[in-house]
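Below is one structure, written out as structure tokens; comments come after it.
The values are calculated or read from the model by the stated rules, or taken from the named source; none is laboratory data. Here the structure is a predicted model, which means the values were calculated and not measured. Protein only, heavy atoms only, side chains kept; ligands, DNA and RNA dropped before computing areas. Shrake-Rupley method; radii C 1.70, N 1.55, O 1.52, S 1.80 Å.
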Amino acid sequence: MFHKSVRASRLELVKPLPGDEVIPEPIGSLTHAITIRGPRSDVWPWLAQMGAGTRAGWYSYDFLDNGRRKSAECIVPQWQRIAVGTLFPALPGATNGFVVVRFEPARFLVLGWPAPDGTFLSTWVADT
């Protein structure tokens, strides 16, 4: 299996993550780690509202992945309620993107990109 990491410690590279079971035999893995100094409860609202277009953005390169619209700079209450199946649109106006696979508020968020057969092509995990 292909492994790649960005800023991940040795522990972060081998640590089991929520959602590892979603793709039982992955062909690759990318672990991009950052450390945020603050309570999990302060980080969670920013994760819950991600997504392009009608959501808060991806907090990344807005000119590429949010239609040149600036990502939110505050917590937006209407985007805080998520459930399994909630769509986080990939791009503004998109009807596809990542969907919530599993989550535990203030602990972890597992997003998956659905395949036509109902499995997932890829996953993205925030483990706070």
### Antiparallel DSSP beta bridges within the chain, percent to nearest 5
75
### Summary
Note: residue 2 to residue 62 extended length (0.36 nm per residue) minus current alpha-carbon separation gives 18.7 nm
### Extension gain from residue 96 to residue 113, taking 0.36 nm per residue of separation minus the Cα-Cα distance
5.3 nm
### Task
Calculate one ³J(HN,Hα) per residue across region 62-72 by plugging θ = phi - 60° into the Karplus curve 6.51 cos²θ - 1.76 cosθ + 1.60, and present them in order as whole Hz with x for glycine and proline.
4, 5, 9, 10, 9, x, 6, 7, 5, 4, 4
### Message
What number comes out for accessible area per residue over region 1-109 if the probe is 1.4 Å? Units Å², please.
### Response
68
### Task
Determine the distance separating the Cα centre of region 88-126 from the Cα centre of region 54-81; give it in Å without decimals.
16
### Summary
Candidates 55, 102, 81; GNM for the chain (alpha-carbon contacts under 10 Å) flags as most fluctuating 81
### Task
Note the full-extension length gain between residue 36 and residue 121 as 0.36 nm times their separation in residues minus their Cα-Cα distance, in nm to one decimal.
27.8 nm
### Message
Which log10 I(q)/I(0) values does region 65-128 give at q = 0.17, 0.30 Å⁻¹ under the Debye formula, counting every alpha carbon as one identical point scatterer?
### Response
-0.68, -1.33
### Task
Determine Rg/Rh for region 3-71; Rg is computed over alpha-carbon atoms and Rh is the Kirkwood hydrodynamic estimate from the same atoms.
1.02
### Query
Leaving out ligands, DNA and RNA, what percent of the accessible area of the chain is carbon and sulfur, probe 1.4 Å?
58
### Query
If contacts are Cα pairs under 8 angstrom and at least 6 residues apart, what is the relative contact order of region 1-48 in percent?
51
### For the chain: span of alpha carbons on each principal axis (Å, largest first)
39, 36, 27
